[in-house]
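Contents: one structure, followed by commentary.
The values are calculated or read from the model by the stated rules, or taken from the named source; none is laboratory data. Here the structure is a predicted model, which is why all the values come from computation and not from measurement. All Cβ positions, even for glycine, are placed from backbone atoms using ideal geometry, and neighbour counts span all protein chains on display. When the accessible area is computed, the model is the full protein with side chains, heavy atoms only, and any ligands, DNA or RNA have been set aside. Shrake-Rupley method; radii C 1.70, N 1.55, O 1.52, S 1.80 Å.
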Amino acid sequence: MSTGRSFFSAAVRRYVLVLSVPGAARFFVPAAVARLGVAISGLAVLWAVHGATGSFGRAGAATGAFAVADAAAGPQIARLIDRWGQRRIVPVTASVFVAAGIGLVLACCSPAPAWVMAGLAAVAGATAPPVGALSAARWRETLTGGETLTGRDVFTGRDAAGRRGDVGEGGGLGSAGQLPAAMALEGVLNDVTFLVGPLVVTALSATVAPWSGLVLVVVLVAGGMAGLLSAGATTPAPGRSAGGTVVDHRLVNRPFLVLFAANLAMGFFFGGIGVAITAFALAQGAGAWGGVITAAGGVVSLGAGLAYGARAKGQPTRVMIAASTAIALGCALLAATPSVPVMVLGYAFVGGCVALVLIPASVVLQRVIEGEVFTQAMVWINSASAIGIATAAPLVGHLIQHHGWPAGFLALATLTTGVPLTLLIGYPALNAAQHRPH
């Protein structure tokens with residue numbers, strides 16, 4: 001019992017120390033507000049357009065336009081942010097997002113033609129702020145003063161000569177020494193956002209007005225981004241321009257491509273797991289339990305992420321390999337689940353491993369990517385996951401339709417195996433990049 005209390009108090013102290021770094025809370029809190037707004041945007045668009053037109057087809061088209069525009073324009077806007085800086089680019093794009101959101105609310109109240117709604121949704125999607133990437137870039141600036149992380153130990157902050165900067169030395173937390181805790185905060189916040197956000201926007205849109213969720217999006221993004229951009233002390237410095245028409249050539253390297261492929265394979269998991277769980281619950285005559293099963297994995301993942309950030313030790317890539325292997329094997333075992341209670345317990349384990357892939361991946365990305373291209377690197381990683389989601393959802397649904405719910409879990413086990421295999425193949429390149437002297 002005393003060991004548990006000791007760990008809990010140490011974990012709390014670690015996170016308090018991270019948020020106590022000068023300027024950290026100043027950007028983290030408003031970023032959390034804006035992140036919630038962006039996270040619920042797609043669902044808010046769906047509710048608003050369906051309420052105006054009464055058509056799920058038109059609502060789906062508008063939501064799809066938002067998602068496609070976000071995936072297409074996001075990396076290029078991130079490239080501009082890296083080149084010219086957050087304070088020059090983000091105010092413009094965020095203002096366009098807010099204006100498009102207000103325009104869509106007015107169009108849904110009119111109502112305007114469906115093509116106008118879809119067009120406004122596309123503009124909003126193309127200018128949606130990459131809040132996670134902006135916040136992670138500021139953590140890098142806050143914890144390292146903008147210096148490269150290459151050649152430093154991610155967990156202790158020691159450099160190749162054994163020097164270490166802890167709390168009280170230079171006012172920082174020791175270069176990358178607190179990076180796992182910071183990335184754990186980011187990951188947990190992301191999980192909470194996607195657990196709570198849909199409940200909030202659904203309740204609001206269903207009880208007040210179909211477009212009220214979209215109004216909430218505008219308020220959250222406008223307020224959150226204003227607060228984030230006003231935190232000038234943690235703004236990363238603009239970088240230099242570089243070649244590459246669509247992708248900055250500094251991202252065309254093996255370590256980044258390994259992480260891109262691993263996140264693509266994780267996207268397969270995210271895209272298919274909800275379909276498979278829902279199919280299982282319906283087959284058991286317990287459709288309402290689908291949400292409970294999913295929530296069980298989400299709650300355990302939150303706890304695992306906080307625990308990892310509090311006591312992260314060892315090589316993050318190895319943690320990713322172990323956790324992703326557990327996910328793949330777990331999906332295969334879930335195909336033989338005999339009952340709902342067993343599925344709740346089984347998916348609590350499988351879903352709980354997700355944070356142990358995503359948070360270490362964020363640490364490794366910080367480690368192997370130059371600061372001048374970090375924002376676009378994160379956005380490309382998110383795009384990889386989105387591609388995986390878009391691919392796996394219909395594929396798993398098709399397999400379940402023709403072969404039953406167990407086939408869905410077996411397909412996920414096969415697809416998710418791509419994560420540990422990719423990491424194992426790319427391990428030498430990732431390891432070398434993390435320890436290469438600057």
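What residue, of ALA276, ALA261, ALA281, is crowded, with 21+ Cβ neighbours inside 10 Å and within 22 Å of THR391 (Cβ to Cβ)? Step by step, each of ALA276, ALA261, ALA281 is checked, and only ALA276 is crowded, with 21+ Cβ neighbours inside 10 Å and within 22 Å of THR391 (Cβ to Cβ). The test for being surrounded by fewer than 18 Cβ atoms within 10 Å (Cβ to Cβ) and either assigned to a helix (DSSP H, G or I) or among the hydroxyl-bearing types (Ser, Thr, Tyr) (or both) does not hold for GLY271.
The single condition among (1) buried (at least 23 other Cβ atoms within 10 Å of the Cβ); (2) modelled with pLDDT under 85 that THR245 does not meet is (1). Considering the conditions (1) in a loop (DSSP other than H, G, I, E, B); (2) at pLDDT below 50, ALA176 is excluded by exactly one of them, (1).
So, in the range 99-135, of the ones that are within 25 Å of the chain's Cα centre (by Cα) and either modelled with pLDDT under 90 or among the polar types (S, T, N, Q) (or both), which residue ends up farthest from GLN86 (Cα to Cα)? Applying the filter and picking the extreme gives THR127. Considering the range 229-242, and only residues there that are closer than 20 Å to LEU80 by Cβ and surrounded by fewer than 16 Cβ atoms within 10 Å (Cβ to Cβ), the residue that is modelled with the lowest pLDDT turns out to be ALA242. Of the helices (runs of 4 or more DSSP H) contained entirely in the range 326-436, those carrying at least 2 residues that are within 22 Å of VAL299 (Cα to Cα), in contact with a helix residue (DSSP H, G or I) (Cβ under 6 Å, 6 or more places away or on another chain) and open to solvent by 10 Å² or more (accessible area, probe 1.4 Å) fall at 340-352, 355-368, 374-403.
Look at the range 104-124: where a residue is closer than 16 Å to ALA67 by Cα and a partner is of a type in the set (Val, Ile, Thr) and part of a helix (DSSP H, G or I), sitting 6+ places away or on another chain with Cβ atoms under 6 Å, you get MET117/VAL49; ALA121/VAL45.
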